[in-house]
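What follows is a set of notes on a single structure, which appears directly below.
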Amino acid sequence: MSDFGDLVRAELQRSGYTLRAACAAMYRDPAYLSRVVNGKQAPSIALAEDLDRLLGIQRFTKALTKQAAPALDGDSIAALELARLAAASEVGAGTVDLLEQSFNDLAIAYQRTDPIELLVDVRSHLAYLSGLLGKQTTLAEHQRLLDLGGWYSLLAATLNVDLKNGKAAAAQLRTAASLAAEAGNRVIPAWALETRAWASLTAGNYPSALELSLAAQEAAPDGSSALIQATAQEGRARARLGQRKETLAVVNRVQAMATTDPTQPKHHYQYDPAKAMSYTATTLAWVGDAAAERAAREVIAAYPDEDHTRWPRRLATAKIDLALALVSKGALDEAADATLKALLSGRVVPSARWRAAEVVRVVDEAGLPAAADLREVFDGESGRLLRDGSRTVEVKTGGELPGY
C-alpha cells in the first residue's frame, strides 16, 4: 500500500494541499489519512473516491482496483477480508476519545452556561458525530459512537426541557433511548425517564412526574447516579402532591445514597452529596417543612455569590428555595429579596420560572413595597427568556469541529 501513499503525497503536493487541509475539505480524520500515507493502514474505496473528487482526477480509485488479490482460495480470501474490515477505520479511536472528553466538558458546563449557548455546541457535536457514524469504523468504535450519540441526545433534551421546548426534548429523549439500546447502555434510558419526570414536574403534571420517576428507578442500575437522581425526583413529585410523610422518607433515602460517594464532581450526570442537599432544600420547601430554610441557607453558604465558577444555577435555585421557606413563615420582605437576587443572577432558566412566580404572587398579594420592583424584574427576565428561547440557531451538518 506504500505506492498508494506515495501517490497521495505527490498529488496533494501538486495541488497545493497539506494533509490536514485535505482532510478538512473531505471531512476526514487526519490521523487516518496519515496512517494510509505512511503505509500503516489500508486505504478504502471511499477514501480513494473522496480524493478523486477533491483533486478532480480518477487516479486513486484506479490505483486500488489495479491491485491484484492474493492467490488464495475463496474461503481464505473471505476470512482475510472480514478481518480487514473489522480492523479498518476512517475515524480512529483518538477522535472518539476527544468526543467523549468534549461531552464531559459540556456536561460540566451545564450549570454555568446559558442553555441557548450550550445547545448550539451540543447540536454541533451531534451533527459531527452523525457524520462519523456514516464512515467506516471498527465495531468497538461504532459502539462507542452510538453510546456517545445517546449521551449527546440526552444532554440536548435536558437543555430543551430547560428552555420549555417540549417537542424537541421528547424527540431527543426517544433518540437517546434508542441509541443507548443499540450500544447496550442501561444508564441512559433511566436518565431519559428521569428527564421526562422533570419535564412533567415543571409542567405541573405531578402524578405523571411521580410515575416516571418510579419507572426511572426501576430502569437504573444499582448504585448509579441515575438511580439517586430519579429517587430525588420522586421526592419532589410527592412534595407537590402534598404527600408529606412519603416525601420525608424519600429525602432520607436520597441523603443516604448520595453520601456513599465522598467525591463532589461537577458533571451534570454524576450525583454528589452537595447536589443531594440542594434537592433536599427544594423538596422540603415544596412540602412546607420548616427544615427547608436551614437546608437552603446551607446550600447558599456552600456557593457564595463571588464564586462564579462552580454551580451558579444551583445557587440561584437555593435562593428561590429559601424564599419559599421564608414565605411559609411569613418573612415576606426577606423572601422578596432572595427571589430578586436569584432573578438578577440571570441563572433562572425558563423551566424554573414557576418557582419564582410563586413568591412573586404572594408578595404582590401582600402589597409589600418591594412588590413593584420584584414584579418588574420578574417580567423583564421573562421577556428575555422568551426572546432567547425563540432565537434561531444555524448549525452546520458536517465538517470537523475545532480540535478534531
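Laid out as a table, the results:
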item	result
Residue check, Thr175 surrounded by 24 or more Cβ atoms within 10 Å (Cβ to Cβ), out of contact with any Lys or Arg (no Cβ under 8 Å at 6 or more places or on another chain), in a helix (DSSP H, G or I) and not assigned by TED's automatic domain parsing to the domain that holds Glu234	no
Number of positions in the stretch 217-240 that are part of a loop (DSSP other than H, G, I, E, B) and under 26 Å from Lys167 (Cβ atoms)	1
Close pairs from the stretch 248-270: first within 25 Å of Leu154 (Cα to Cα), partner at pLDDT 90 or above and in a loop (DSSP other than H, G, I, E, B), Cβ under 7 Å, at least 6 apart	none
Options Leu214, Leu210: the member that is in a helix (DSSP H, G or I) and surrounded by 23 or more Cβ atoms within 10 Å (Cβ to Cβ)	Leu210
Filter result for Ala197 (assigned by TED's automatic domain parsing to the domain that holds Ala276, surrounded by 20 or more Cβ atoms within 10 Å (Cβ to Cβ), of a type outside the set (D, E, K, R) and not in a loop (DSSP other than H, G, I, E, B))	no
Pair list, Cβ < 6 Å and 6+ apart or interchain, from the stretch 340-357 residues that are more than 14 Å from Leu315 (Cα to Cα) and at pLDDT 80 or above to residues that are buried (at least 18 other Cβ atoms within 10 Å of the Cβ) and not polar (S, T, N, Q)	none
Of all residues in the stretch 1-55 being assigned to a helix (DSSP H, G or I) and among the hydroxyl-bearing types (Ser, Thr, Tyr), the one that is surrounded by the most Cβ atoms within 10 Å (Cβ to Cβ)	Tyr32
Tabulated pairs, the stretch 178-196, first on the phi < 0 side of the Ramachandran plot and in contact (Cβ under 8 Å) with a residue 12 or more places away in the chain, second crowded, with 23+ Cβ neighbours inside 10 Å and not in a helix (DSSP H, G or I), C-beta under 6 angstrom, 6+ apart or interchain	Ala190/Ala220
Residue in the stretch 145-172 that is surrounded by the most Cβ atoms within 10 Å (Cβ to Cβ), counting only those that are more than 11 Å from the chain's Cα centre (by Cα), of a type in the set (A, V, I, L, M, F, W, C) and more than 21 Å from Pro221 (Cβ to Cβ)	Val161
Pro189 vs. criteria crowded, with 19+ Cβ neighbours inside 10 Å and either assigned to a helix (DSSP H, G or I) or among the polar types (S, T, N, Q) (or both)	yes
Flag if Gln136 is assigned to a loop (DSSP other than H, G, I, E, B) and outside the structural domain of Thr283 (by TED's automatic domain parsing)	yes
Cβ pairs under 8 Å, 6+ apart, first in the stretch 367-385 and within 14 Å of Gly346 (Cα to Cα) and among the small types (Gly, Ala, Ser), second surrounded by 14 or more Cβ atoms within 10 Å (Cβ to Cβ) and at pLDDT below 85	Ser382/Arg353
Residue within the stretch 163-170 that is assigned to a helix (DSSP H, G or I) and in contact (Cβ under 8 Å) with a residue 40 or more places away in the chain present	no
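Here's the yes/no breakdown for (1) crowded, with 24+ Cβ neighbours inside 10 Å; (2) in a helix (DSSP H, G or I); (3) modelled with pLDDT of 85 or more:
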position: Thr260; (1), (2), (3): no, no, no
position: Tyr279; (1), (2), (3): yes, yes, no
position: Ala292; (1), (2), (3): yes, yes, yes
position: Glu306; (1), (2), (3): no, no, no
position: Arg314; (1), (2), (3): no, yes, no
position: Ile320; (1), (2), (3): yes, yes, yes
position: Asp337; (1), (2), (3): no, yes, yes
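The values are calculated or read from the model by the stated rules, or taken from the named source; none is laboratory data. For clarity, every value in this text was computed on a predicted model and none was experimentally measured. Note that each Cβ is placed from the backbone with ideal geometry, even for glycine, and that neighbours are counted across all protein chains shown.
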